[in-house]
1. If you keep only loop residues by DSSP, which trypsin sites (Lys or Arg not before Pro) in the stretch 1-60 have at most 10 other Cβ atoms within 10 Å of their Cβ?
2. Please give, to one decimal in nm, the separation of the simple spin-label points placed at THR108 and ILE77, each 7 Å out from Cα toward the Cβ.
3. On the Cα set of the chain, report Rg and Dmax in Å, please.
4. Give the long-range amide H neighbours of ALA30: residues separated by 5 or more places, or on another chain, with amide H under 5 Å away, using H modelled in the peptide plane at 1.01 Å from N.
5. Need one number: nm distance between label points at LEU41 and GLN14, each 7 Å from Cα along Cα→Cβ, rounded to one decimal.
6. Projecting each Cα onto the charge dipole of the chain (Lys/Arg +1, Asp/Glu -1 at the beta carbon, about the Cα centre), which of GLY29, LEU62, SER45 comes out farthest on the positive side?
7. With only Lys, Arg, Asp and Glu charged, each at its Cβ (+1 for the first two, -1 for the last two), find how big the charge dipole of the stretch 3-104 is about the Cα centre; round to the nearest 20 debye.
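Derivation of every value follows stated rules applied to the coordinates shown; laboratory data play no part. This structure is a prediction, so every number in the text was calculated from the model and none was measured. As a convention, Cβ positions derive from the backbone with ideal geometry for all residues, glycine included, and neighbour counts pool all protein chains shown.
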Amino acid sequence: MAAELIRGDTWLRQWQVKDAQGVIIDLTGASARLYVRDAKLLKISEASTATGEIIIDGAAGLITLRIDAEVTRLYPIGKHKFDLEVTDSNSIVKTYETETLHVLADITYD
């Protein structure tokens, strides 16, 4: 199922990371990044723990994404791709989601 976002809205999303048995994975010391790319795989935007758009609550295994409206206002209308990549405290890199982002036209704008 594709994620939907109206262009110019704040994009908020959360993930809680669990293992195959449903146990929360402790992400203490982890970092994360997420890129949005168009159909030609050109980068539209990026978010990360380093720049503050992604926050990790390590013990809760919770990853929170916030991309402000000023950024999403520049997203082209259409279908794009994104993934969430996490690097744990042991430098193990794992992609937890790869998804389509369907950016819809905004009607209320100036």
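1. Numbers: sites: ARG7, ARG13, LYS18, ARG33, ARG37, LYS40, LYS43; in loops: ARG7, LYS40.
Listed in order of number, the matching sites are LYS40.
2. Rounded to a tenth, the inter-label distance reads 1.8 nm.
3. In Å, with Rg to one decimal and Dmax whole: 14.6, 49.
4. Those qualifying (amide H under 5 Å, at least 5 residues apart or on another chain) are SER89.
5. It works out to 3.4 nm between the two label points.
6. Of the candidates, SER45 comes out farthest on the positive side.
7. Working: 12 positive and 15 negative charges, 75 e Å.
Approximately 360 debye in magnitude.
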